[in-house]
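All remarks here apply to the structure that follows.
Read-outs: derived from the displayed coordinates by stated rules, not from any lab. Note that the coordinates shown come from a computational prediction; the quantities given were computed from them, not determined experimentally. Heads up, the Cβs are rebuilt from the backbone with ideal geometry, glycines too, and the neighbour counts pull from every protein chain shown.
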Amino acid sequence: MEQIKQHKFLLPEKNNKLPVWLTQNDNYNPCRDRDHFIDKTLLALTGKLTLLKNQPAMATDSFFSASFKLICTIVLILLISLSHRLMFPLIVLAVFLTYLACLDSRRISSILKPVSAAMFFSLCIVLPAFISGQQNTLMLPLKVFLTTMSAAFLAQRTAFSALTKALGGLHVPGLFIMVLDLTLKYIILLGNTAADLLIALRLRSIGKNDRKYKSMGSIMGMVFLKANEYSIDTHNAMLCRCFTGDYHVSQKHRLESRYFIYMAIILTMIVVFLYAEEYL
Amino acid sequence: MNTLVELSSVSYKYDNIIALENISLTIKEGELILLTGPNGCGKSTLFKLLNGLVFPSSGKYFFAGQEITPKLLKDNLSAKKFHQQIGYVFQNPDLQLFNPTVYDEIAFGPRQMQFDEDKIRERTDSLLCFLHIEHLRDRVPYHLSGGEKKKVSIAAVLALNPDIIMMDEPLNGLDKKARKWVENFIIDFSAAGKTMLIASHEEEIFTMQNRRTVQLDENHQLVL
Ligand SMILES: Nc1ncnc2c1ncn2[C@@H]1O[C@H](COP(=O)(O)OP(=O)(O)O)[C@@H](O)[C@H]1O
Ligand SMILES: [Mg+2]
């Protein structure tokens, strides 16, 4: 019995020598194979990951706090969707375009890409109505354009962590915020795992692999298992730090003079809206 | 000196895989214990058990005189009290760090203990200063380097002000400088009278005078 257990850990002596084929060269000539599939997946994955990773560090030091930007965006989206006349969206459009013109080209493209996709989609939806003579249906794509653009501005100017913290300020339950934070962490951790596995697959795909989709399947499965493992361990880590199910976030606010400026900006927005809609 | 941890003939199985077999161990306050043994001998499992994350398949575990059972930890208050007393530094910091910023990471424990925000800030800032990581305050933990992550996870655990600190393979994956730092941290902390339990398969690294070595063997038993 004792002997058997010992053997589990010590390889038998004669196996310690390198096999002969390992000491010689293989002279291997690879045949052509299309790596496009792996490359494309790899590129897409790592591209998205670097986008997430290169998020600006916490933007709390800037004059406008994340909570303000969040509230401002919500109010603005609300006003845009409530407007019946063309006037208010046009004013917002003018302001946005001016702002956009001040940004550098990389920022502009990263904002305009998703926004124009959303607008194109909504345009397709209303096109039949427009062709059959409903003139004012074009408001919808414009509104979609503006609302997605304001969301894109928010995402551009504020770190994700600052945004979730801002939600805490708006009395969104702490557990919900934690789920959001953890989700981002997992996306990055699992994304890294997946990227590593893909690279490993790429490095070992030196011959012809006809079952690339199967390899992809195994990678997804592996990532899934990892996700399970991570979640159990992270839960343990939380338990060890006195987490018992009720999450306490910091919610402390001091009245600062800049809050009056925030108020003024939001009020101005509302007044402009009321004026443009001819309520005033 | 008071007894902090007492294990009496504890065994643990993962389904059918034996991970710990008939372990009896006592840890007194102020001791520095080095837990060694080859890979897979059950060090990490022992840590999980000591932290109440798994429970003995047979045998009993007492912490500060109280038996740790699933029933006891079901109760929120006793669970919080128990976990506050043990600082567990994971082998893999990626799994231990789950907050959006380093500051929040360190403040997490004190927040769960429902300190007021001023006290939390004081604790967090003094830890950032003590570990020389003030510059990481607003960074995202999972983007840090290995050594930085280790420091942050140590800080996060110290914020609980635990009675005993348990570190699982604290030197794994660290470069020379970070290893030296961790070693010195252990020496300083133990010299300050804190109880520590360090698991490592590199026993020759930890040469502190006052340490006691406890060894697990391949059969998941203690070597006497
Ligand atoms: N989640 C698990 N499920 C099944 N077996 C496990 C699990 N975790 C560890 N083991 C097994 O338990 C034994 C002890 O593992 P572990 O405590 O991680 O050892 P160490 O930390 O000393 O390297 C090993 O044989 C390992 O394969
Ligand atoms: Mg281990």
(request) Shielding by partners for B:76-87, please: the mean number of other protein chain Cβ atoms within 10 Å of each residue's Cβ. (result) 3
(message) Treating only the Cβ of Lys, Arg, Asp and Glu as charged (+1, +1, -1, -1), what charge dipole size does the stretch B:1-124 show about its Cα centre? Round to the nearest 20 debye.
(response) 280
(request) Compute the acute angle (0 to 90°) between the alpha-carbon long axis of helix B:176-191 and the principal axis of greatest extent of the alpha-carbon atoms of chain B; round to the nearest 10°. (result) 70
(request) Scan around B:THR195 for amide H atoms under 5 Å from its own, H built in the peptide plane at 1.01 Å from N, and keep only partners 5 or more places away or cross-chain. (result) B:GLY30, B:ILE165
(message) Using the Cα centre of the protein assembly as shown as origin and beta-carbon charges of +1 (Lys, Arg) and -1 (Asp, Glu), tell me which of A:MET238, A:VAL126, B:SER11 is placed farthest towards the positive end of the dipole.
(response) A:VAL126
(request) With label points built 7 Å along Cα→Cβ from the Cα atoms of B:VAL223 and A:PHE260, find their separation and express it in nm. (result) 7.4
(request) Express in nm, to one decimal, how much length is gained between A:THR268 and A:LEU140 on full extension, taking 0.36 nm for each residue of separation and deducting their alpha carbon distance. (result) 43.7 nm
(message) Can you find, among B:PRO170, B:ILE86, B:ASN39, the residue sitting farthest towards the positive end of the charge dipole of chain B, where Lys and Arg contribute +1 and Asp and Glu -1 at Cβ?
(response) B:ILE86
(message) Under a Cβ-only charge scheme (Lys and Arg +1, Asp and Glu -1), can you give me the dipole magnitude of the protein assembly as shown about the Cα centre, in debye to the nearest 20?
(response) 1180
(message) If amide hydrogens are placed 1.01 Å from N in the peptide plane, which non-local residues have theirs closer than 5 Å to the one on B:ALA19?
(response) B:TYR12, B:LYS13, B:TYR14
(request) May I ask you to evaluate 6.51 cos²θ - 1.76 cosθ + 1.60, the Karplus curve with θ = phi - 60°, for each residue of the stretch B:131-138 and list the ³J(HN,Hα) values in order in whole Hz, giving x for glycine and proline? (result) 9, 6, 10, 4, 5, 9, 2, 9
(request) Note down the magnitude of the dipole of the stretch A:105-229 about its Cα centre, charges +1 on Lys and Arg C-beta and -1 on Asp and Glu C-beta and zero elsewhere, to the nearest 20 debye. (result) 440
(request) Treat each spin label as a single point 7 Å out from the Cα along the C-beta direction, and report the A:MET220 to B:THR207 distance in nm. (result) 5.4
(request) Go ahead and run the numbers for FRET between A:LEU190 and B:HIS135, Cβ-Cβ distance against an R0 of 30 Å, rounding to 0.05. (result) 0.60
(request) Rank A:SER83, B:TYR142, A:SER215 by how far each Cα sits towards the positive end of the charge dipole of the protein assembly as shown (+1 on Lys, Arg Cβ; -1 on Asp, Glu Cβ) and give me just the farthest. (result) A:SER83
(request) Taking amide H positions as placed in the peptide plane 1.01 Å from N, state which residues far from B:GLN215 in sequence (5 or more) or on other chains have amide H under 5 Å from it. (result) B:THR36, B:VAL223
(message) For A:GLU278, project a label point 7 Å along Cα to C-beta. Then give me every residue of the stretch A:121-155 with its amide nitrogen under 17 Å of that point.
(response) A:136
